[in-house]
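The values are calculated or read from the model by the stated rules, or taken from the named source; none is laboratory data. This structure is a prediction, so every number in the text was calculated from the model and none was measured. Neighbour counts are summed over all protein chains in view; Cβ atoms, including those assigned to glycine, are modelled from backbone coordinates with ideal geometry. Heads up: the accessible areas ignore ligands, DNA and RNA and are worked out on the full protein's heavy atoms, side chains in. Shrake-Rupley method; radii C 1.70, N 1.55, O 1.52, S 1.80 Å.
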Amino acid sequence: MDRKNPFDGGGKQTTIADVTDRIDRVIKTSSLKKGDTGKSHIYIDGHDLTLTSAQIQKGSGWFTTLYYDAFGKMLSIDKKDWPVFAEYIADIAEQGDLDETNAVMAADMLLEQLCKGSDITEDKSVLLDGENCSFFVKHRPHEELFYVVPASAVGAMLKDEICVQATLEDVSQAMTARGYKREKTQGVKVHGQNVWCWWFIPEKIHNQNPSIEGEDYED
């Protein structure tokens, strides 16, 4: 193969201005976990160069590494130019959905599976069945309706029926970020016992499966 000597006659180095002109779009996605930063997906010539907000704040180093991985070209960015580029990226960014991580995919699959295999009841004693509970149970603290499911039942379903590797904690956070349930695991008193449950938003359950119960869920 005939290769041109890169030092023969010099060559024009790619600049940040060249790169900026080639940006197709930028998608900003929210973080899944509290304390994590969002991400900016910078699309250049069909490549997705993804930076967290924390990486952007630290300077151009990670971006130039991603650029080299994608295009095999070194990119030199003047320190004073990086803040201008970072603010330009933020200005043109479109708001996107959560990143399709394993936890997010597992959360969607888990909700679908729960809605297929569970009925709705007022009988809170079924919560004592733990991982064998197959019901959404109506719970109305302070007159606000939730459908609660034992955390152990959700964990068993994730382990046995969802073929996506993700921790229960990450799936819980993904479901909260999706708006499927309240944050964290919370207790429900049943005959003096405290059963730790996930508190689901009724509207989300009925949107997933409108036929899950014949009666109006707000009754």
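Looking only at the range 136-193, residues that are within 18 Å of the chain's Cα centre (by Cα) and at positive phi come to 2 in all. Looking only at the range 28-75, residues that are open to solvent by 70 Å² or more (accessible area, probe 1.4 Å) and part of a helix (DSSP H, G or I) come to 5 in all. Among the residues of the range 117-128, the one identified as farther than 13 Å from VAL190 by Cα and in a helix (DSSP H, G or I) is GLY117. The requirement of being open to solvent by 70 Å² or more (accessible area, probe 1.4 Å), in a loop (DSSP other than H, G, I, E, B) and either more than 18 Å from LYS116 (Cβ to Cβ) or modelled with pLDDT of 90 or more (or both) is not satisfied by GLU203.
Summed over the range 169-188, the residues that are under 16 Å from GLU144 (Cα atoms), among the charged types (D, E, K, R) and open to solvent by 40 Å² or more (accessible area, probe 1.4 Å) give a count of 2. The combined condition, being open to solvent by less than 70 Å² (accessible area, probe 1.4 Å), free of Cβ contacts under 8 Å to residues at least 12 places away in the same chain and aliphatic (A, V, I, L, M), is fulfilled by VAL126. What pairs come up if the first residue lies in the range 70-89 and is under 19 Å from TYR43 (Cα atoms), the second is acidic (Asp, Glu), and their beta carbons are under 9 Å apart, counting only those six or more places apart or on different chains? Correct list of pairs: ALA70/ASP45; ALA70/ASP48; PHE71/ASP45; LEU75/ASP18.
Is it the case that the range 53-60 has a residue that's without any contact (Cβ under 8 Å) to a residue 40 or more places away in the chain, under 30 Å from GLU183 (Cβ atoms) and of a type in the set (Lys, Arg)? Yes, there is a match, as at least one residue in the range 53-60 is without any contact (Cβ under 8 Å) to a residue 40 or more places away in the chain, under 30 Å from GLU183 (Cβ atoms) and of a type in the set (Lys, Arg). For the range 189-200, the tally of residues that are over 15 Å from PHE146 (Cα atoms) and either of a type outside the set (A, V, I, L, M, F, W, C) or open to solvent by 100 Å² or more (accessible area, probe 1.4 Å) (or both) stands at 4. Note on the range 13-47: residues that are over 21 Å from the mean Cα position of the chain (by Cα) and free of Cβ contacts under 8 Å to residues at least 24 places away in the same chain amount to 6. Reported count of residues in the range 129-154, each being crowded, with 16+ Cβ neighbours inside 10 Å and not in a strand (DSSP E or B), is 5. Residues in the range 76-87 that are at pLDDT 90 or above and open to solvent by 30 Å² or more (accessible area, probe 1.4 Å): ASP78, LYS79, LYS80, ASP81, PRO83, VAL84, GLU87.
Among the residues of the range 174-192, the one identified as touching a helix residue (DSSP H, G or I) at 6+ places or on another chain (Cβ under 7 Å) and of a type in the set (S, T, N, Q) is THR185.
Residues in the range 88-100: is at least one more than 22 Å from the chain's Cα centre (by Cα), modelled with pLDDT of 95 or more and open to solvent by less than 70 Å² (accessible area, probe 1.4 Å)? Checking the range 88-100: not a single residue is more than 22 Å from the chain's Cα centre (by Cα), modelled with pLDDT of 95 or more and open to solvent by less than 70 Å² (accessible area, probe 1.4 Å).
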